[in-house]
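Here the structure comes first, spelled out in structure tokens, and everything after it is commentary.
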Amino acid sequence: MNRKERLTYTIGLLGLAAATISGASTPATSYELSILRATPPLFWVGVGLTIAIAIIGVFYLDRSHAKILAAGLGVAATVLIALLPALRGYYFYGLSDSLQHLGWTRDIRITSAVIEENPYPGIHIMSELLARVLGMPARRTLLLIVPLYFALYALAASLLARLLLGQRGRAGYQAIAVGLLVSILTPPIIAPRLPNFQPIATDAGLFILPLAVYLGIRVASSPHRQQPIYLALLCILTSLTLYHPQQGLVAIVLLCVFALSGLFIPWQENDLASGTVLSAGLVASIFLAWWLSTRQLLGSAATALITKLQASDTGASAATPGSAFEQIGGSVLTLFVRSLSIHLAIAIITVVSSCLALYRVWTYYRDREGEPPVVSGQLVRYILGFLPVLGLVILYLPTGDIPQAVRYVGILVALGAPVTAAQLVSISNSQYRRVTLIVVLVLGASLAVPAMFRSPYLYSPTPHVTETQLDTYAWTFDNSQTATPVMSVNTDVKRQLLALEGFREGNRRWWIGEHNPDIETSRGVGFVPAHFANRSLTTLGRASTWHLVSTDYARQRNVELYDGLRFDEGDYAYLESNRQIHRVYANGGAEVYQIQRNQTAEPRVTNSRALWTER
């Protein structure tokens, strides 16, 4: 180990140590509107310094293994960022879908089986397994799943970059190191309105997807049978369906297109290996079809898509929630730069690389001179697998389902990162280019890191679930009489019930009307109307008495972040001043109000759908 290597590793390890100590020593004591601001600055200095020195080390250290170790420090810093909610003692992190996944995980603990209503049991099985091995509650192990799978994603993306580059030795190791660096830039791979680094099936499946693709291409690129790798491919490709059928379908289609295109694009001895990959794809396809049929997902998803396409053909448009950040003076351009500019750069490099590779293959077939462009052929075959995914993006856009379309864009970006890494290696052959790449990657990391969590930086509150919030809902459900409705100020009542009771029991209690305010109009959310101080809560619904839950999350979100756009201080003052509204529970982080309906008023049902919803 030479002097440059010792200096690089020392600075990186000191940065990691400082970040770990500062984060662990300042646990959250209440709801935090912004995880970025609430975390000590020393944490961000530590991880930022580690990532910067990792980028410099990859391009300036001499030995290949040293470059990989330096890049590994950068990945470790990103894993530490993903661990931040657990490191700072968050009771749970993630609203809506995350809470429902917590409920599904509880079902496994209660029944020791996967219930039929659970379409994504992969993340829940792993979480419960970790919970039993480590002796932790499921809410904690769910927070550990995210950094664990991100580390797996970084490893698979780097190995895939080396495979696509088609070179071994020093260039191959350089591809692994650069692939690790590029993976740091891609965690915010989902639209800003959707969760980043949250324990949900979409994130888990997306992080596992490159591993399945790598194993498939590894099998296809080998002139000899490799039974252990084939068995690993079969296992990962099949189990990916259990994490998310969407990602399972993408992996199957990409690998099948990759194998079939080997008949037309030159590669060394690919006939036998391509057939092996196709056999794995066939087995995984049969399992995917069986799984969808047992979960009744295929028919409902197809019906919904056809309905939306028909609506778009007739000129109808799906209702979309209001953009809260625009209503409080936010800028779409600013949001794009903060969250999607890195995606755009990776997409451009991927498209340019694929066009150049396709041109070289076309030139070879036109002139029939020289050796077949094996490396370019690999890239083209890999890119051809993107076309069906791109088709799904184009298919969803006319329906107005932008979140679904952008979700597939996120898949393309995640799979485009190895292509970007391979191209960066091929152009980093001069001092000037290396310096330029260092500057660009450091700038990219500075944009990517703040976008790894939802926060006011992205015009969203941090989805921090405190113990007091869940305790408040538990008290409310336990102390409400049968058929007593429960509503809330901007927190999803049904998801809280699912997280506390498990999906099956919580769903049963909700749909028999035990705590459901109005099945037809609440749509499973149970929000009170905006600015309810101007509209008497005592005339809502049909029940003589109902409960209203208000949390610190809702108050800080609406009063502080959104400047009273939906609820303001006047609404909260109304809760304390109205004689028919009584505060019956408070624990320092949430309150419960009992509301007595005005018996002289006519029953009035209000559509309590929120202006925007958590996804």
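Nothing in this text is a laboratory measurement; each read-out follows from the coordinates by a stated rule. Predicted, not measured: the structure shown is a model, and the values here were computed from it. We place every Cβ from the backbone using ideal geometry, glycine too, and count neighbours over all the protein chains shown.
Side notes on the structure shown:
- Other-chain or far-sequence residues with amide H under 5 Å of VAL465's (modelled H): PHE92, TYR93, GLY94
- Assigned charges on the beta-carbon of Lys, Arg, Asp, Glu; segment 9-117 dipole about Cα centre (debye): 400 debye
- Among PRO245, HIS124, GLY172 - extreme Cα towards positive end, dipole of segment 113-247, charges at beta-carbon: GLY172
- Computed from backbone phi with θ = phi - 60° and the Karplus coefficients 6.51, -1.76 and 1.60, the 3J(HN,Hα) list for segment 81-92 is 5, 4, 7, 3, x, 6, 4, 8, x, 4, 4, 7 Hz; x is used for glycine and proline.
- Other residues whose C-beta falls under 12 angstrom from the C-beta of ASN587 contribute a net charge of -3, scoring Lys and Arg +1 and Asp and Glu -1.
- Local electrostatic count at ALA138 - Lys and Arg +1, Asp and Glu -1, tallied over other residues with Cβ under 13 Å: +3
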